[in-house]
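The values are calculated or read from the model by the stated rules, or taken from the named source; none is laboratory data. The structure presented is a predicted model; accordingly, all values stated were derived computationally and were not measured. Cβ: placed from backbone, ideal geometry, glycine included. Neighbour counts: every protein chain shown.
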Amino acid sequence: MIKILVAEDDEAISNLICMNLAKAGYAVKAALDGQEAADMLEKEAFDLCLFDIMLPHIGGYELLEYAKSLQIPVIFLTAKGETMDKVKGLRLGADDYMVKPFQIIELLARVESVLRRYHRTVQKLRVLDMEIDVLARTVTKNGEPVVLTYKEFDLLLLFVQNPNRALYRETIYERVWDDIYMEESRTVDLHVQRLKKKLGLERHIETIYKVGYRFVEK
């Protein structure tokens, strides 16, 4: 399982990030200051680090240097949004740089992107009665294989990695089809209906009027 270290001194933000990463299938450890994060890096192996820059005791820039020496990719999560701050972080070796506040769905997308770059990805997800093999791009339901198209698989992955979150049609289209959403397009709705039917997810993918859809595990 992919293991991520989150170093964030705001406990509420840390809990929110960790909860959503765990729901997306990652193993997560949290540190509330830089010293705690450094101690964890010494004792455990991680696949990715998410660091705030302004941390007590040991700052994010110092942690970055340590993590990079261990060949661990790093994403900065910080309120320091000036261009020169971003440039500094990236020049020092950060793999990405996100400015607070940010949307969790964007954070998950950037985490996925960095992990793919380092050939580290979640291999399997178990949700409801489904097993999703991310690398093989296969899905089984109650042990029986279900054939999905390329876009249907990406759509399913987007839903299960963002449970209980309202996803706008625009967001779904841009994430799955990697293109600009046209308001009159029925592409998202048609794919969602097919996905529901193939996997029996009628109760689990809710339609939100004038917004989009939400995946719920109930």
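Report whether or not residue 189 is of a type outside the set (Phe, Trp, Tyr) and exposed (fewer than 12 other Cβ atoms within 10 Å of the Cβ). Answer is no for this residue. The set of residues in region 147-202 that are in a helix (DSSP H, G or I) and more than 23 Å from residue 128 (Cβ to Cβ) comprises 169, 170, 173, 174, 187.
Pull out all pairs, ordered by first then second residue, where Cβ-Cβ is under 6 Å, the residues are six or more apart or on different chains, the first lies in region 170-199 and is under 12 Å from residue 212 (Cα atoms), and the second is at pLDDT below 85. Qualifying pairs under 6 Å: 170/181; 173/181.
For region 91-108, give me each residue that is within 20 Å of the chain's Cα centre (by Cα) and loosely packed, with under 14 Cβ neighbours inside 10 Å. Those that are within 20 Å of the chain's Cα centre (by Cα) and loosely packed, with under 14 Cβ neighbours inside 10 Å: 100, 101, 102, 103, 106. Restricting to region 81-116, what's the tally of residues that are in a helix (DSSP H, G or I) and farther than 30 Å from residue 163 by Cβ? Adding up the residues that qualify gives 9. Kindly evaluate residue 152 against the criterion of being outside the structural domain of residue 67 (by TED's automatic domain parsing), buried (at least 19 other Cβ atoms within 10 Å of the Cβ) and farther than 30 Å from residue 14 by Cβ. Yes, satisfied. Residue 125 meets the stated requirement of being part of a strand (DSSP E or B), within 20 Å of the chain's Cα centre (by Cα), under 19 Å from residue 105 (Cα atoms) and not acidic (Asp, Glu). For the residues 79, 94, the requirement of being among the hydrophobic types (A, V, I, L, M, F, W, C), closer than 23 Å to residue 117 by Cα and touching a Pro at 6+ places or on another chain (Cβ under 9 Å) singles out 94.
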